[in-house]
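The values are calculated or read from the model by the stated rules, or taken from the named source; none is laboratory data. Keep in mind that this is a model prediction, so the values were computed, not measured. Glycine gets a Cβ as well: all are built from the backbone with ideal geometry, and neighbour counts include every protein chain shown.
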Amino acid sequence: AQKVTQAQTEISVVEKEDVTLDCVYETRDTTYYLFWYKQPPSGELVFLIRRNSFDEQNEISGRYSWNFQKSTSSFNFTITASQVVDSAVYFCALSGEVKGGGSQGNLIFGKGTKLSVKP
Amino acid sequence: DSGVTQTPKHLITATGQRVTLRCSPRSGDLSVYWYQQSLDQGLQFLIQYYNGEERAKGNILERFSAQQFPDLHSELNLSSLELGDSALYFCASSRDRNSPLHFGNGTRLTVT
């Protein structure tokens with residue numbers, strides 16, 4: 001069965017600190033996709049990144065970076081020089097191999113990590 | 001703004017009632033997904049439609065049903081509502097099955 005574990009329920013940091021959000025996943029699929037979504041206090045879900053299982057290159061987008069390690073089944077998310085606007089709940093998600101009628105959209109979400117960035 | 005529109009934003013109703021949640025996908029997106037976010041269960045996939053046809057089912061109760069219309073908008077119908085159905089219901093859309101999801105702002109349902 002597929003599973004996503006975000007062991008950190010809540011994290012609190014002071015502005016400008018770096019913070020890493022952990023995500024560990026379980027799947028038997030050989031091809032799969034990993035995602036991060038952000039849910040700010042306003043409630044919407046914002047897509048941040050998608051990674052497929054064959055691409056282990058780390059990715060950087062501004063202050064955000066992602067570290068995908070297949071050997072440890074982890075897909076961690078780091079925010080550098082955090083800002084108050086980064087305060088949100090962050091979700092890691094997994095989808096299985098797209099075959100037949102399947103879709104990347106049938107996501108298994110972790111429970112989320114609530115990040116609070118204090119000024 | 002994701003481009004996915006959900007109405008209404010808030011809905012308060014009583015147990016036993018029936019409600020309909022509406023979703024308009026992003027322009028050009030053929031797939032629509034419904035998710036439920038509750039304190040107990042977290043974010044759960046309910047159902048997917050692609051170009052009017054049901055494609056996949058997740059943890060959707062029999063009291064719930066959905067459809068996607070020819071103009072690609074979708075409706076999620078929740079009937080015989082129970083207190084435990086109180087949750088945030090998200091709609092998401094994608095261009096095709098290989099594309100990532102973009103979520104709407106959700107409909108917050110409160111059952112009293």
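Being under 15 Å from the mean Cα position of the chain (by Cα) and either over 27 Å from residue B:105 (Cβ atoms) or not aliphatic (A, V, I, L, M) (or both): is that true of residue A:60 here? Judged against the criteria, residue A:60 is a match. Looking at segment A:93-104, is at least one residue more than 23 Å from residue B:56 (Cβ to Cβ) and surrounded by 16 or more Cβ atoms within 10 Å (Cβ to Cβ)? No, because not a single residue in segment A:93-104 is more than 23 Å from residue B:56 (Cβ to Cβ) and surrounded by 16 or more Cβ atoms within 10 Å (Cβ to Cβ). Of A:61, A:65, all but one fail to be buried (at least 17 other Cβ atoms within 10 Å of the Cβ), in contact with a strand residue (DSSP E or B) (Cβ under 8 Å, 6 or more places away or on another chain) and not aliphatic (A, V, I, L, M); the exception is A:65. Hey, could you check segment B:73-97 for residues that are within 7 Å of chain A (Cβ to nearest Cβ) and over 12 Å from the mean Cα position of the chain (by Cα) and say which is surrounded by the fewest Cβ atoms within 10 Å (Cβ to Cβ)? That would be B:97. For segment A:21-52, filtering for residues that are away from every other protein chain (no Cβ under 14 Å), surrounded by fewer than 16 Cβ atoms within 10 Å (Cβ to Cβ) and not in a strand (DSSP E or B) leaves 3. For segment B:72-93, state whether one or more residues are acidic (Asp, Glu) and at pLDDT below 95. Taking every residue of segment B:72-93 in turn, none turns out to be acidic (Asp, Glu) and at pLDDT below 95. Taken as a whole, the condition of being under 11 Å from the mean Cα position of the chain (by Cα) and in contact (Cβ under 8 Å) with a residue 12 or more places away in the chain does not apply to residue A:13.
Taking segment A:53-89 as the range and being of a type in the set (Gly, Ala, Ser), more than 14 Å from chain B (Cβ to nearest Cβ) and over 24 Å from residue B:9 (Cα atoms) as the test, the residues that pass are A:61, A:62, A:65, A:71, A:73, A:74, A:81, A:82. Residue B:62 meets the conditions (1) among the charged types (D, E, K, R); (2) closer than 20 Å to residue A:106 by Cβ; (3) within 12 Å of chain A (Cβ to nearest Cβ); (4) not in a strand (DSSP E or B) in every case but one. The failed one is (3).
Here's the yes/no breakdown for (1) touching a residue at least 60 places away in the same chain (Cβ under 8 Å); (2) out of contact with any Lys or Arg (no Cβ under 8 Å at 6 or more places or on another chain); (3) farther than 13 Å from residue B:37 by Cβ; (4) crowded, with 20+ Cβ neighbours inside 10 Å:
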position	(1), (2), (3), (4)
B:47	no, no, yes, yes
B:60	no, yes, yes, no
B:69	no, yes, yes, no
B:101	yes, yes, yes, yes
B:108	yes, no, no, no
B:112	yes, yes, yes, no
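Out of B:70, B:100, one residue alone is assigned to a loop (DSSP other than H, G, I, E, B) and within 14 Å of another protein chain (Cβ to nearest Cβ). It is B:100. Can you name the residue in segment B:6-37 that is over 14 Å from residue B:69 (Cα atoms) and in contact with a Cys (Cβ under 7 Å, 6 or more places away or on another chain) and, of all such residues, is surrounded by the fewest Cβ atoms within 10 Å (Cβ to Cβ)? So, considering only residues that are over 14 Å from residue B:69 (Cα atoms) and in contact with a Cys (Cβ under 7 Å, 6 or more places away or on another chain), the one surrounded by the fewest Cβ atoms within 10 Å (Cβ to Cβ) is B:6. Scanning segment B:29-44 for residues that are facing chain A (nearest Cβ under 10 Å) and within 15 Å of residue A:43 (Cβ to Cβ) returns B:35, B:37, B:42, B:43.
On the stretch given as segment B:6-33, residues that are part of a strand (DSSP E or B) and either modelled with pLDDT of 95 or more or within 11 Å of the chain's Cα centre (by Cα) (or both) total 14.
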